[in-house]
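The values are calculated or read from the model by the stated rules, or taken from the named source; none is laboratory data. The structure presented is a predicted model; accordingly, all values stated were derived computationally and were not measured. Backbone-built Cβ (ideal geometry, glycine too); neighbour counts: all protein chains shown. Protein only, heavy atoms only, side chains kept; ligands, DNA and RNA dropped before computing areas. Shrake-Rupley method; radii C 1.70, N 1.55, O 1.52, S 1.80 Å.
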Amino acid sequence: MTDLSKITHIDVLQRIARRRVPRMFYDYADSGSWTEGTYRANESDFHKILLRQRVAINMENRSTRSTMIGQDVAMPVALAPTGLTGMQHADGEILAARAAKAFGVPFTLSTMSICSIEDVAEATDRHPFWFQLYVMRDRGFIERLIDRAKAANVSALQLTVDLQILGQRHKDIVNGLSAPPKPTLTNLLNLATKPRWCWNMARTHRRTFRNIAGHVDGVTDLSKLSAWTAQQFDPQLNWGDVEWIKRRWGGKLVIKGIMDVEDARLAVDCGADALIVSNHGGRQLDGAPSSISALPRIADAVGHDIEVWMDGGVRSGQDVLKARALGARGVLIGRPFLYGLGAFGQAGVTRALEIIHKELDITMAFCGRTDIERVDTSILLDGRRDWFR
């Protein structure tokens, strides 16, 4: 048994997950498109931002509590929607949702999840969670999906707008990642080295895209599911569709995938409650700027009209604090919780959240703040917002 309290950095969870998760699924989570330049910049650009250390300040009674679209959170962090989470660890979405619920942060379920909306609702006693929606050509399916989210007590819809077409991810092609995965000799040999993963997967019946399987006419097996999914991402998606979805949903709406000020203003105009500055983790347009470098100008332009969040490259509590200082009301984390999940299941997700929270809390104190609500650019060296100009 591993004493998880001895794990004090997300990188350790990453190393363990790399050993325990089959290569095709680990690479799916931990890769970017084309040269992976934007994927790397998401993380490395955080290191360019310098903090202003303060001393001889009362650091007692610190609080990282905040709100995201009116929801109380233990820290301004939510678990991001990630496809195939249930392939990092059996029943992965359920385990991550339970960890988020216990910690006091939001969990977002992906359309392309292994556990369904109903699975997560039942496993968490209908605790409110968020649901991420992809717009597909089959509008009837989208309507049914929205209705299912309402019935499951989903409290916010997160609409992803940067996946009309798929960016090319070389590792997925090399690994033969598909639905179902291609049973190549290399993949079979790699699976043989992951007995813990195989044992856990053998004990669950959740091994396909359960938000889709059984909910689309004519999709009766994995091969038909794969063909249907490949044809469904809609390149014609436009802001009129966003407004239609908002009306159909009727609740809190978050737009994910904004990297340009003009698009941010359009998100405001369509009546969204929040937007997420995001380049899809560097998995779509390689050569785009990092999310953290795009954040300040978007927050400056629309932050008084809409909640601005960000994701991409967040690996520590210090990153959360820097994003908050540059205008983000909150951040979403994907890979850090996936590393924890792949390494240790639900306990690993909890440990990832504990690590980030402790780093956030202590760094905030070193910068002379005891309340996350009082964090602004004054905690940055020289109060700078132009680290990337």
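Name the residues in the stretch 188-212 that are in a helix (DSSP H, G or I), within 16 Å of Ala343 (Cα to Cα) and in contact (Cβ under 8 Å) with a residue 60 or more places away in the chain, would you?
Kept after step one, since they are in a helix (DSSP H, G or I), are these residues of the stretch 188-212: 188-192, 195-202.
Subset that is within 16 Å of Ala343 (Cα to Cα): 191, 195-201.
Matches in the stretch 188-212: Leu191, Arg196, Trp197, Asn200, Met201.
The set of residues from the stretch 43-93 being among the small types (Gly, Ala, Ser), within 25 Å of Arg385 (Cβ to Cβ) and more than 20 Å from the chain's Cα centre (by Cα) comprises just one member, Ser63. From the list Ala294, Ala301, the one residue that fits, being of a type outside the set (Asp, Glu), assigned to a helix (DSSP H, G or I) and in contact with a helix residue (DSSP H, G or I) (Cβ under 8 Å, 6 or more places away or on another chain), is Ala301.
Is it fair to say Arg126 is part of a helix (DSSP H, G or I), of a type in the set (Lys, Arg), open to solvent by 20 Å² or more (accessible area, probe 1.4 Å) and modelled with pLDDT of 95 or more? In short, no.
For the stretch 344-359, enumerate the residues that are buried (at least 19 other Cβ atoms within 10 Å of the Cβ) and assigned to a helix (DSSP H, G or I).
Our first condition is that a residue be buried (at least 19 other Cβ atoms within 10 Å of the Cβ); within the stretch 344-359, this holds for 344-346, 348-353, 355-357, 359.
Residues satisfying the conditions are Phe344, Gln346, Gly348, Val349, Thr350, Arg351, Ala352, Leu353, Ile355, Ile356, His357, Glu359.
Selection of the stretch 148-166 for residues being open to solvent by less than 20 Å² (accessible area, probe 1.4 Å) and assigned to a loop (DSSP other than H, G, I, E, B) yields Ala152, Leu163. Within the stretch 137-150, the set of residues being more than 18 Å from Arg247 (Cβ to Cβ) and either in contact with an Asp or Glu (Cβ under 8 Å, 6 or more places away or on another chain) or not charged (D, E, K, R) (or both) comprises just one member, Arg137. What do you reckon, is Asp45 among the acidic types (Asp, Glu) and in contact with a Ser or Thr (Cβ under 7 Å, 6 or more places away or on another chain)? So Asp45 fits the description; yes. Screening the candidates Leu95, Leu145 for the property of being open to solvent by less than 60 Å² (accessible area, probe 1.4 Å), under 21 Å from Asp273 (Cα atoms) and of a type outside the set (S, T, N, Q) yields one hit, Leu145. Scanning the stretch 360-377 for residues that are part of a helix (DSSP H, G or I), open to solvent by 40 Å² or more (accessible area, probe 1.4 Å) and in contact (Cβ under 8 Å) with a residue 12 or more places away in the chain yields Ile362, Phe366, Glu373.
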